[in-house]
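Here is the structure we will look at, set down as structure tokens.
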Amino acid sequence: FKSCNVHPAIIQLGLLYSRGLICGSNARCISLLRALQQVIREYSTPTEKELSRDLEHRIRHSIDFLVTCRHLSVSMRNAIRSLKRNISLISPEVDEKDAKEKLVDFIDRYIKEKLYLAADAIFMKAKEKIEDDDVIIVYSGSSLVREILIDAKKHSKRFSVIVVDSRPRMEGKKTVEALVKNGVECSYVLISAISYAMQKATKVFLGAHAALANGYIMSRAGTSLLCMMAKAYTVPVLVFCETHKFSERVQADSFVSNELADPDDLIHLDNQPDCLTDWKSYESLTLLNLVYDFTPPELVTVVITELGTIPCSSIPVVLRVQQET
């Protein structure tokens, strides 16, 4: 890959993605859009070339580089699609400076409306779902769920949280740290103890990587197991998901398409020797480290978005409305 043709901001971003220093759908989407803003600001149209076509080619080249570092999230793909649509609408008669300003303003507006204002709207709806003395189970490290609980605590809601975590990422530790700092009463368990924790729960709050057109929820690996256990104990499952994460994709299992993390992450155990250090020398052994799983709609009670509270079956309706506007 000819990285010499890629903007330095994109190269830096790709390294941060590949090392896991920027993770989470929203954080990755915002960082991508900010980097593309920098690319647009410093772009100049070559002689005898049209801005819309050449700039789109530059952005496509940048995205190709980022894909080699880590697969794009659904939110990132949707943001890129919207940006490309706006670039294609730029008339050749428009001054380059004005065109660049319009694109930069569009990115600012997209981040504000699709991420920040959407999150604020979800906060308002989420507060109505939290009652005094609730015991809420959360999983892993969803930034949206974390902020919902912190916001509810600031509004004097009385509740406690059970944070469920799993190897190898152990992202729930960050959730516990953030909640405890803000005065939220917390318990911390691994996913192997979920049947014990679920007996005490009144609700399950989950974030999502994406909501698919067939109603399946794509989220951190382990989410489906948690939802199955909640169904067994008749505990309602509430998924919080902004509509910029809605996808026209249809998928019903975790193997047709998924992201593979580093298999070596599975063999590292704290304070213990890595017994599988030379696992690659065994031809009969394969380590599979899936990043996401897919939860069927029958295991999800409702999906809460900035547009309102909807069942999983209404996801394609929202997608159709988004296409028409």
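Derivation of every value follows stated rules applied to the coordinates shown; laboratory data play no part. Keep in mind that what you see is a predicted model, and the values were worked out from it rather than measured. Note that we place each Cβ from the backbone using ideal geometry, even for glycine, and neighbour counts take in every protein chain shown.
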Among Leu72, Ser284, Tyr139 the positive-end extreme of the charge dipole of the chain (Cβ point charges): Tyr139
In straight Cα distance, which aspartates and glutamates are under 15 Å from Lys100, not counting same-chain residues fewer than 8 positions off? Glu42, Glu50, Asp54, Glu56, Asp108
So, by mean Cβ neighbours within 10 angstrom, what's the order for 6-15, 208-217, 298-307, 83-92 with the highest one leading? 208-217, 298-307, 6-15, 83-92
How about Lys153: which lysines have a C-alpha closer than 22 Å to its C-alpha, ignoring those fewer than 8 places off in the same chain? Lys125, Lys127, Lys129, Lys173, Lys174, Lys181, Lys200, Lys203
To the nearest 20 Debye, how big is the dipole of the chain about its Cα centre, given +1 on the beta carbon of each Lys and Arg and -1 on that of each Asp and Glu? 340
Tell me the mean residue ellipticity at 222 nm calculated for the chain from its helices only (DSSP H runs of n ≥ 4, each -39500 (n - 2.57), averaged over every residue, nearest 500). -13000 deg cm²/dmol
Among the aspartates and glutamates, which fall within straight-line cross-link reach of Lys112, defined as a Cα-Cα distance under 20 Å, with same-chain neighbours fewer than 8 residues apart omitted? Glu101, Asp120, Glu147, Asp151, Glu242, Glu306
